[in-house]
1. Calculate how steeply helix 87-98 sits against the longest principal axis of the alpha-carbon atoms of the chain, using the helix alpha-carbon long axis, and give the answer as 0 to 90 degrees to the nearest 10.
2. Can you tell me how the range 55-173 classifies by the Cα gyration tensor, rounded, prolate or oblate, using a/c under 1.5 as the rounded cut?
3. Got the relative contact order for the chain handy, in percent, Cα pairs under 8 Å and 6 or more residues apart?
4. As a test of the definition: which semi-axes, in Å, follow for the range 2-116 when you take the square root of five times each eigenvalue of its alpha carbon gyration tensor? Largest first, please.
5. For the range 350-396, which GluC sites (Glu not before Pro) are in a loop by DSSP, counting at most 10 other Cβ atoms within 10 Å?
6. Taking R0 as 41 Å, what FRET efficiency do you get between residue 315 and residue 9 from their Cβ-Cβ distance, rounded to the nearest 0.05?
7. In whole angstrom, how far apart do the alpha carbon centroids of the range 383-414 and the range 39-84 sit?
8. Hand me the trypsin sites (Lys or Arg not before Pro) from the range 329-414 located in a DSSP loop with no more than 15 other Cβ atoms within 10 Å, in residue order please.
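Derivation of every value follows stated rules applied to the coordinates shown; laboratory data play no part. Owing to the predicted nature of the structure, the values given are computational and were not obtained by experimental measurement. All Cβ positions, glycine included, derive from the backbone under ideal geometry; neighbour counts span all protein chains shown.
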Amino acid sequence: MKEKKRALEGIRICDFTGQLAGAGATKWLAAFGADVIRIEDPVNQGAWDILRMMPPFVDERRGPDFGGGFNNHNAEKRGITLNLRTERGKELLAALVARSDVVTENFAAGVLERWGFGWESLRRIKPDIVYVSNCGFGHVGPYASFKTWGPIVQAVSGLTFTSGLPDREPAGWGFSYMDHTGGYYMAMAVLLALLHRQRTGEGQWVDMACCDVGLTLNGPAILDYTVNGRPMRRAGQPNGNRSDWPRMAPHGIYRAAGEDEWVAIACRSDADWTACAGVIDRDWARETRWSTLAGRFEAQDELDEKLTEWCRGRDKFEVQRLFQAAGIPSAAVQKPGERIDRDPATAEMGLWPIVRHSKMGDVRVDGLPVRFSETSWTIARGSPCVGEHTQEVLGELLGLGAEEIADLRARGVV
C-alpha cells in the first residue's frame, strides 16, 4: 500500500524563529511534514536563541546543543549555519530562499531588513514567497521600535490586569503565556498565507504584532467596558476561581488533603447543588439557603469555606471521583508527574513522544494535542545541533560539493 503523504509535505520553510513565540509555530508545521530549515549563526553558535543554553538538561553536559527547552520547541527541524556578515553567506541564503515557500522570523522589527532580507528583497528573490514576521508591535506605528518579551506582551495587552486576587495588585502569570499563543497565531498565519498562494499564485508579507494578538484575547472584557461601562477590576474582583458569566456557585479550586493538593468543583445549577449536597452529606449542605443560586451567590465566601473544610479531609482524586459519579464537574489539580506519567488519557493521546537527539539520545518532548484520522503529525527527530545539517542541506538543495563546503567552513561562512 502506498504510504500517505504528510499534510505539509513539499512545503519548505526558511526559519529564523527562536524561543517559543516563533519556534513553537514552526514546530507545528514541521510535525505535519514541512521541511523546516533553521538558519543560525556559526559565530555565536546559535546562542541568539537563549533556550539553546538554558535548562533543563538531561545530564551534566552543557552548551548550545543540550538545552532542553530548545530541543522541545525545535523537534523535527533541520539546522544549518550561515554567516550573514559575509557576502557568500548572503548569496547562499538567497539561494535557499529561492528554493523555499516561506520565510519565518520573530526578531525585533527591522532586523531582516538590516541584513538585506526585508520584504522587498525577499520578493525579488522569489516573487511568490510567503514571509511571516512576528514581533511585539509589528512594523508600523509609534511602538514599532519597542522590544518585547512574553510577560511584557501580557502587560501591554491587558492580560496581566485580568489575573489576581480581590483587592490586590494584578498578578499576571508566572510564565510567558503569550509565547505559546503567539506561536499558535503565527502557525495559522503561515497556513492562511499558503492557502492564498495556492489559490492565486501570490506571495505576501504577514506582519504580525504579538501584543495585538494578546489584545484580541480580551474581547468579552473590552465589550463589557465599551457597552456597559464596567471596568474589569472593581470592588471584590477579580477572583479567577469564580464564575460571574454565567453565574455559578460554588465554583472554584479547593484545598484537599496533603501539602499543596487541590481539587476543582463547578456547580452549574440548583439541580447540581442538590447532587453536591448529597455527596457532601452534612447538615450544613442541606440548609435551604443554599438551594437557590441567589442564596449561594450571596454567601459565596462562607460556602467556599465550608466546602474547603469538607475537601481538606479527603484525597483530591477521591473528591473528583465522588463528584463526577454524581454528575458534577470536578477534577483534581494535577501536578506534572500525575498528568504526564500516571494519567491514562495522556497515554491514549500520545502527547509525550520520545525523540532521538543526535547527542542527548532519547528525550521526551511535547507532542501536539490534536489527532487527524488521515494526516496526523509525527515527532520523532530531536532538535538540530548547531549546524548539524549544513552539509546535507547545502549539498541536497544547493548542489554544493564536499570540497566547496569544506572551504566555506574554513572561511567561516558556515
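1. Long axis of 87-98 versus the principal axis of the chain: about 60 degrees.
2. Values: a/c = 2.77, a/b = 1.41, b/c = 1.96.
Here the range 55-173 falls in the oblate category.
3. On the way: 730 pairs, mean separation 80.7, N = 414.
Relative contact order comes out at 19 percent.
4. On the way: eigenvalues 97, 90, 30 Å².
Semi-axes, largest first: 22, 21, 12 Å.
5. Values: sites: 374, 388, 392, 396; in loops: 374, 388.
Sites meeting the loop and neighbour criteria: 374.
6. Values: r = 48 Å, r/R0 = 1.17.
Step by step, r from the Cβ atoms, then E = 0.30.
7. Each part's Cα centre sits 18 Å from the other's.
8. Values: sites: 339, 342, 356, 359, 364, 371, 381, 409, 411; in loops: 342, 359, 371, 411.
Here the sparse-neighbourhood loop sites are 342, 359, 371, 411.
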